[in-house]
C-alpha cells in the first residue's frame, strides 16, 4: 500500500474512512482514498433506498471487493435524497474517483451543528491515516 492518500481540504471525515462534502443544505458522502485502496478492487456497492432515514454512524450499506466486505457508515443523521446509481454498473468508480464520480449518497442532514463536531478535519484525518499506515 502507498503511504500518501488523498484527503481533500474541503471535506470532513470519519475514523471509519467516510468523507462528507457540504453542498448547500445537503451533504454528499463517500469513502476515502485510504478506504478504497485498502479494499482493492471494488466489485459491488450496496446503497440505501432514497427516502431512508439514517442515524449518525448507522450503516448506509456495504462496499464489496475481491478481498473483503466493508460497511459504510453515515457521518451524519438525515434523510437519503439521492444515491449514485452509476455504481451498480461501474462499482470501480469508487476506486478510480473516490471523491468525485465514486460518491455514494446525498443526505439532507437533521442537525449538522450536532453532528459536525464529531467529524475529523482534513489535517486530523491525514494524521490518523498516517499513524495507521506506519503501524503496518
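Derivation of every value follows stated rules applied to the coordinates shown; laboratory data play no part. Only a predicted model underlies this, so the values are computations on that prediction, with no experimental measurement involved. Neighbour counts run over all protein chains shown; Cβ positions are idealised from the backbone, glycine included.
Key figures for this structure:
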item	result
Residue list for the stretch 86-113, filter: surrounded by fewer than 20 Cβ atoms within 10 Å (Cβ to Cβ), touching a residue at least 40 places away in the same chain (Cβ under 8 Å) and closer than 22 Å to residue 22 by Cβ	99, 106, 108, 112
Residues that are exposed (fewer than 15 other Cβ atoms within 10 Å of the Cβ) and in contact (Cβ under 8 Å) with a residue 60 or more places away in the chain, drawn from the stretch 23-54	23, 25
Hits in the stretch 117-126 (condition: closer than 19 Å to residue 31 by Cβ and assigned to a helix (DSSP H, G or I))	118, 122, 124, 125, 126
Residue 4 more than 24 Å from residue 67 (Cα to Cα) and surrounded by fewer than 23 Cβ atoms within 10 Å (Cβ to Cβ)	no
Filtered residues of the stretch 1-57 (kept if touching a helix residue (DSSP H, G or I) at 6+ places or on another chain (Cβ under 6 Å) and under 17 Å from residue 115 (Cα atoms))	13, 17, 56
The stretch 55-79, residues that are surrounded by fewer than 21 Cβ atoms within 10 Å (Cβ to Cβ) and either under 20 Å from residue 22 (Cβ atoms) or touching a residue at least 60 places away in the same chain (Cβ under 8 Å) (or both)	55, 56, 57, 58, 73, 77, 79
